[in-house]
Structures are given as structure tokens and as C-alpha cells.
Amino acid sequence: TFTVKSKHDPSNLAYTDKGLALHTDLPFFDLVPGIQFLHCIKQAAGGGGENQFVDGFNVAEVLRKENPYYFDLLTQHAFVYFDIGKDYVEYNQLNHHPLITLNGRNEVIRFVHNNHTRSSILDVPEDKVTDIYQAFHAIIQIMYDPSNLVTNRMESGEMIVFDNWRVLHGRSAFQ
């Protein structure tokens, strides 16, 4: 459980009033949490704070159709995610996940993306670096296509429950 509110000395961007890009929570864990509960205790009175959601499985399937090579790259090569800091306790988390994970039937079963915690180190063959970054750019463009986004400003007391392995979420800045 995390209480997300703006703090004076935040250990994480989530604890600010800044906007958050679309992301998967906690990708630096061995097992990325599956179900996410966002419970709005009290909505900011000054405006903003709209949540954005996108179906990562749909985004992956669009990429598979538009550019199978890029899709394959994002299933075959892992990105490094990390989080280091102190909040209640000191922590130093690091893990590797492909952006898109498939099962034995070639179906998308997990979509992991968090640019804020993604390392700049890319452990791939040199001849694949440019292609992987181009694939990454292509999937980000699909994620932010307005036809793929759902936006909602929660009211105090409301809760949204979603699959953190499938649905990416973000928020606009608030006051």
C-alpha cells in the first residue's frame, strides 16, 4: 500500500503534484504486481489530476500488425528497471523485463513499461541498439495515440481497479 500525495521531499515522482507518463507500477520487482487499486481519498481542489489509461495488450497487437520486426524485438530483449532511495526504509531494486511478454501460444500476457525507472543501459548486441530504440519509439507513439487513451478524473471516494500487467496508467499534474 502506498499513500500517494504531494510531499515536500519526495522519494518518488508519484509523491509530487507533477504529471506522470503512462507506466506500469513497480517494474523493478521480480514479480510485477498484477492487480492495482487506485482509491481517491480526496481529490485535489485546484484542478488537474486526471488519470490516463491505455490497454497495453492492444498497443502490442497494433505494433505486431504494423511492424512485426519491432514487435519481435520488444519481446526478445529486456529493459533494465531500477529504483533506489529511502522511504520508510532504504531500497535498491533492479530487474529486467521485456516490454512485451508472450506465452507459449504467442499471446501477449504482460506489458511492462516505466520510462521513469528504465535504465539508460541497454544490454543488447550493438547491431540491435538502433532498431530497439526505433521499436521503443514506435510503441510509445501507439500508446499516446488519442484513440487508445481513456481519461478519467476520479472523485473523492472512488476507486479504479485494473490489471497492472495489461493496463498502463498515468496522470496529469494537479494543484
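Of all residues in the range 139-160, count the ones that are hydrophobic (A, V, I, L, M, F, W, C) and either under 19 Å from Asn114 (Cα atoms) or part of a helix (DSSP H, G or I) (or both).
Within the range 139-160, residues that are hydrophobic (A, V, I, L, M, F, W, C) and either under 19 Å from Asn114 (Cα atoms) or part of a helix (DSSP H, G or I) (or both) number 6.
Yes or no: Asn148 at pLDDT 95 or above and over 28 Å from Arg171 (Cβ atoms)?
no
Looking at Asn103, Asn67 in this structure, which one is surrounded by fewer than 12 Cβ atoms within 10 Å (Cβ to Cβ) and either of a type in the set (S, T, N, Q) or in contact (Cβ under 8 Å) with a residue 60 or more places away in the chain (or both)?
Result: Asn103 is the single residue among Asn103, Asn67 that is surrounded by fewer than 12 Cβ atoms within 10 Å (Cβ to Cβ) and either of a type in the set (S, T, N, Q) or in contact (Cβ under 8 Å) with a residue 60 or more places away in the chain (or both).
In the range 134-175, how many residues are of a type outside the set (Phe, Trp, Tyr), more than 22 Å from Phe71 (Cβ to Cβ) and buried (at least 18 other Cβ atoms within 10 Å of the Cβ)?
3
Checking the conditions here, which among Val108, Val124, Val129 is hydrophobic (A, V, I, L, M, F, W, C), loosely packed, with under 13 Cβ neighbours inside 10 Å, at negative phi and over 12 Å from the mean Cα position of the chain (by Cα)?
Val129
Based on what the data block shows, is Ile84 of a type in the set (Val, Ile, Thr) and more than 16 Å from the chain's Cα centre (by Cα)?
The answer is yes for Ile84.
Every residue, every condition in (1) among the small types (Gly, Ala, Ser); (2) in contact with a Pro (Cβ under 6 Å, 6 or more places away or on another chain); (3) surrounded by 12 or more Cβ atoms within 10 Å (Cβ to Cβ); (4) modelled with pLDDT of 80 or more, yes or no:
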| residue | (1), (2), (3), (4) |
| --- | --- |
| Pro27 | no, no, yes, yes |
| Ala45 | yes, no, no, no |
| Gly49 | yes, no, yes, no |
| Phe53 | no, no, yes, yes |
| Val62 | no, no, yes, yes |
| Asp83 | no, no, yes, yes |
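The values are calculated or read from the model by the stated rules, or taken from the named source; none is laboratory data. Since the model is a prediction, treat every value here as computed from it, not as a measurement. Positions of Cβ are generated from backbone atoms using ideal geometry, with glycine treated the same way; all protein chains shown enter the neighbour counts.
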